[in-house]
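Sending over a structure as structure tokens; questions will come in a sec.
The values are calculated or read from the model by the stated rules, or taken from the named source; none is laboratory data. The structure presented is a predicted model; accordingly, all values stated were derived computationally and were not measured. Reconstructed Cβ throughout: ideal geometry from the backbone, glycine too, with neighbour counts over all protein chains shown. Surface accessibility is based on the protein's heavy atoms, side chains included, excluding ligands, DNA and RNA. Shrake-Rupley method; radii C 1.70, N 1.55, O 1.52, S 1.80 Å.
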Amino acid sequence: QVQLVESGGGLVQTGDSLRLSCAASGRTFSNYAMGWFRQVSGKEREFVAAITWSGRQTDYADSLEGRFTISRDNAKNTVYLQMNSLKPEDTAVYYCAAVVESPAYYGTHYSTQAYDYWGQGTQVTVSS
């Protein structure tokens with residue numbers, strides 16, 4: 001019962017930065033945990049980052065090497081993904097996802113199956 005819209009993608013060069021935004025509407029009064037995933041054509045959607053409703057817990061894919069930061073502003077119903085030192089291998093469609101937070105979320109947040117709602121995605125292209 002929540003709608004998600006990603007924005008902020010674009011074409012950048014290696015080493016550049018981007019900040020993606022995910023705006024939520026609908027049943028935004030629920031306690032949604034949020035995640036960012038990315039997908040390249042022909043490959044499975046892979047975990048990037050996750051954040052709990054409170055923002056006190058976050059997690060990242062090991063492959064990011066500390067370059068990305070997830071954050072949220074519940075007053076604005078928005079979650080962000082700050083991407084620094086971008087590399088060509090970061091090129092993908094980035095998707096925002098949401099699920100009503102529950103104990104089951106902890107330990108499963110890295111899986112696409114943990115989320116009930118998804119945005120349409122925003123393209124990030126990093127030229128080499």
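Under 6 Å by Cβ, and 6 or more places apart or on different chains, what pairs join a residue from region 70-92 that is over 15 Å from L11 (Cβ atoms) with one that is among the β-branched types (V, I, T)?
Listed by first residue and then by second, the contacts come to I70/I51; I70/T58; R72/I51; R72/V79; N77/T28; L81/I70; Q82/T69.
So which residues in region 74-95 are open to solvent by less than 50 Å² (accessible area, probe 1.4 Å) and assigned to a strand (DSSP E or B), if there are any at all?
Within region 74-95, T78, V79, Y80, L81, M83, A92, V93, Y94, Y95 meet the criteria.
When you go through S71, S54 one by one, which is the residue that is hydroxyl-bearing (S, T, Y), within 24 Å of G107 (Cβ to Cβ) and part of a loop (DSSP other than H, G, I, E, B)?
S54
Hey, could you check region 96-110 for residues that are open to solvent by less than 30 Å² (accessible area, probe 1.4 Å) and more than 12 Å from the chain's Cα centre (by Cα) and say which is nearest to S71 (Cα to Cα)?
V99
Name the pairs whose Cβ atoms lie under 8 Å apart, with the first residue in region 102-128 and assigned to a loop (DSSP other than H, G, I, E, B), the second surrounded by fewer than 12 Cβ atoms within 10 Å (Cβ to Cβ), and 6 or more positions between them or separate chains?
Short answer, once both residue conditions are applied: S128/P88.
Let me ask you something else. Of all residues being modelled with pLDDT of 95 or more and polar (S, T, N, Q) in region 14-53, which is least open to solvent (accessible area, probe 1.4 Å)? Just the residue, please.
T52
Scan region 2-13 for residues that are open to solvent by 30 Å² or more (accessible area, probe 1.4 Å), of a type outside the set (A, V, I, L, M, F, W, C) and part of a strand (DSSP E or B) and jot them down.
Hits for region 2-13 are Q3, S7, Q13.
From the list S63, S41, pick out the single residue that is under 23 Å from D16 (Cβ atoms), in a helix (DSSP H, G or I) and among the hydroxyl-bearing types (S, T, Y).
Being under 23 Å from D16 (Cβ atoms), in a helix (DSSP H, G or I) and among the hydroxyl-bearing types (S, T, Y) holds for just one of S63, S41, which is S63.
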